[in-house]
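The values are calculated or read from the model by the stated rules, or taken from the named source; none is laboratory data. Everything quoted here is computed from the prediction, not taken from an experiment. Here the Cβ positions follow ideal geometry from the backbone for every residue, glycine too, while neighbour counts run over all protein chains shown.
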Amino acid sequence: MTHQWPIGARVVVEAPATSANLGPGFDSLGLALTLYDEVEVAVTGGGLTIEVDGEGAEVADRGERHLIVRVLRRSFELADALAESDLGQPPGLALRCVNRIPHSRGLGSSSAAIVAGILAARHLHPAGRVLDDLVALRLAAEIEGHPDNAAPCLAGGLTIAWTGGDGPSSVRLEPKHDQVVAFVPEQRLATERARGLLPETVPHADAATNAGRAALLVAALTEGLGDEILMAATEDRLHQDHRAPAMPESAELLARLRAAGVPAVISGAGPTVLGFTSAARVDSMAPKVGNGWHIHPLNVAPRGARVRRDGSSVRP
């Protein structure tokens with residue numbers, strides 16, 4: 001199949017933050033949140049330029065090692081392979097990122113970057129339609145190592161992700177609880193470090209408890225059940241306590257919020273704490289929260305990552 005690169009074509013991708021695990025749903029449950037990164041990619045006549053505003057500006061000089069550039073290259077290769085095309089890489093790329101999602105805080109910044117790169121490649125490669133949503137999910141999971149953040153970033157809403165014999169898959173659900181508050185600390189925590197604290201095995205009773213709580217959490221979020229049920233549904237015995245030594249302030253805030261009746265969890269691998277509550281309730285609890293936290297009242301994003309071909313800004 002013969003194609004040519006559309007020199008001058010550009011696309012802007014809006015990708016939402018995500019929160020994975022949600023307490024008991026380790027490596028399976030995820031929410032898309034109304035906090036967005038914006039990625040613009042253009043095909044040029046030659047070279048590579050990268051501009052980054054906001055979070056991650058310090059990595060703008062990484063060139064071919066920049067995560068989104070690597071994702072674009074891999075996506076173009078996959079599109080060629082699936083479409084039996086010999087187009088190869090574009091002659092040049094211009095990348096501009098406006099990053100609002102905090103990095104290394106458990107809010108899916110890497111998944112947002114990966115998904116944005118894949119969707120940009122889908123719309124710029126002449127045969128990019130072969131990168132459908134299932135291919136995109138599986139490619140994102142291959143790059144990141146797990147699908148729990150990529151699934152809500154692609155689909156929006158509440159997602160359940162799993163990996164079967166043929167690779168990762170997910171289903172999307174519509175939560176009735178659509179207000180959350182993210183408590184974001186200044187310090188970062190690498191996902192690899194957080195995963196390194198997890199034990200190789202866990203007691204059967206803890207695994208059984210988490211399975212039941214994860215099922216209850218899906219029901220609580222989709223049926224709009226009250227705080228009492230959400231408190232029980234967000235109980236975790238598999239990962240949060242094991243990771244607490246790497247983020248003691250987050251563990252302490254989590255305990256304070258739950259003691260005050262707020263269904264709260266560690267977001268992803270942390271250190272952000274996510275509360276299933278409203279901004280108004282948090283305002284009244286300011287003394288319990290304390291200093292040193294950036295408080296982001298958010299909603300569950302009803303849609304996943306989206307693109308615009310005209311290059312105009314997706315949102316202010």
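Each residue in the range 238-249 was checked for being in contact (Cβ under 8 Å) with a residue 40 or more places away in the chain and over 19 Å from the mean Cα position of the chain (by Cα), and 7 pass.
Per-residue answers, yes or no, for (1) closer than 14 Å to GLY23 by Cβ; (2) β-branched (Val, Ile, Thr); (3) surrounded by 23 or more Cβ atoms within 10 Å (Cβ to Cβ):
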| site | (1), (2), (3) |
| --- | --- |
| LEU217 | yes, no, yes |
| THR222 | no, yes, no |
| MET231 | yes, no, no |
| ASP241 | yes, no, no |
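Suppose we filter the range 154-188 for residues that are on the phi > 0 side of the Ramachandran plot and surrounded by 16 or more Cβ atoms within 10 Å (Cβ to Cβ); how many remain?
Number of matching residues: 2.
In the range 208-221, the residues that are within 17 Å of ASP27 (Cβ to Cβ) and in contact (Cβ under 8 Å) with a residue 24 or more places away in the chain reach residues that are β-branched (Val, Ile, Thr) and surrounded by 16 or more Cβ atoms within 10 Å (Cβ to Cβ) with C-beta atoms within less than 8 angstrom, at least six apart or across chains, in these pairs: ARG213/THR234; LEU217/THR234; VAL218/ILE160.
Just checking, does the range 17-32 include any residue being closer than 20 Å to LEU72 by Cα and in contact (Cβ under 8 Å) with a residue 24 or more places away in the chain? Checked the range 17-32: at least one residue is closer than 20 Å to LEU72 by Cα and in contact (Cβ under 8 Å) with a residue 24 or more places away in the chain. For the range 26-40, a tally of residues being crowded, with 24+ Cβ neighbours inside 10 Å and either over 22 Å from ARG195 (Cα atoms) or of a type in the set (S, T, N, Q) (or both) returns 3.
It is to be established whether one or more residues within the range 40-58 are farther than 30 Å from GLU84 by Cβ, in contact (Cβ under 8 Å) with a residue 60 or more places away in the chain and not assigned by TED's automatic domain parsing to the domain that holds HIS239. No, the range 40-58 contains no residue that is farther than 30 Å from GLU84 by Cβ, in contact (Cβ under 8 Å) with a residue 60 or more places away in the chain and not assigned by TED's automatic domain parsing to the domain that holds HIS239. Among the residues of the range 189-201, just one is surrounded by 12 or more Cβ atoms within 10 Å (Cβ to Cβ) and farther than 20 Å from SER111 by Cβ, namely LEU197. Looking at ALA136, ALA121, ALA20, which is the one that is in contact with an Asp or Glu (Cβ under 7 Å, 6 or more places away or on another chain), closer than 26 Å to ALA161 by Cα, small (Gly, Ala, Ser) and at pLDDT 95 or above? So the residue among ALA136, ALA121, ALA20 that is in contact with an Asp or Glu (Cβ under 7 Å, 6 or more places away or on another chain), closer than 26 Å to ALA161 by Cα, small (Gly, Ala, Ser) and at pLDDT 95 or above is ALA20. Taking GLY46, is it loosely packed, with under 15 Cβ neighbours inside 10 Å, at pLDDT 95 or above and farther than 18 Å from ALA140 by Cα? In short, yes.
When restricted to residues that are polar (S, T, N, Q), modelled with pLDDT of 95 or more and either out of contact with any Lys or Arg (no Cβ under 8 Å at 6 or more places or on another chain) or more than 20 Å from GLY8 (Cβ to Cβ) (or both), the range 88-118 contains 4. Take the residues of the range 63-77 that are touching a residue at least 40 places away in the same chain (Cβ under 8 Å) and crowded, with 21+ Cβ neighbours inside 10 Å: which is nearest to VAL39 (Cα to Cα)? Here the residue is ILE68. Of the residues making up the range 78-91, those that are surrounded by 13 or more Cβ atoms within 10 Å (Cβ to Cβ) and in a helix (DSSP H, G or I) are LEU78, ALA79, ASP80, LEU82, ALA83. Within the range 51-83, the residues that satisfy the criterion of being closer than 17 Å to LEU137 by Cα and in contact with a strand residue (DSSP E or B) (Cβ under 7 Å, 6 or more places away or on another chain) are ILE68, LEU72.
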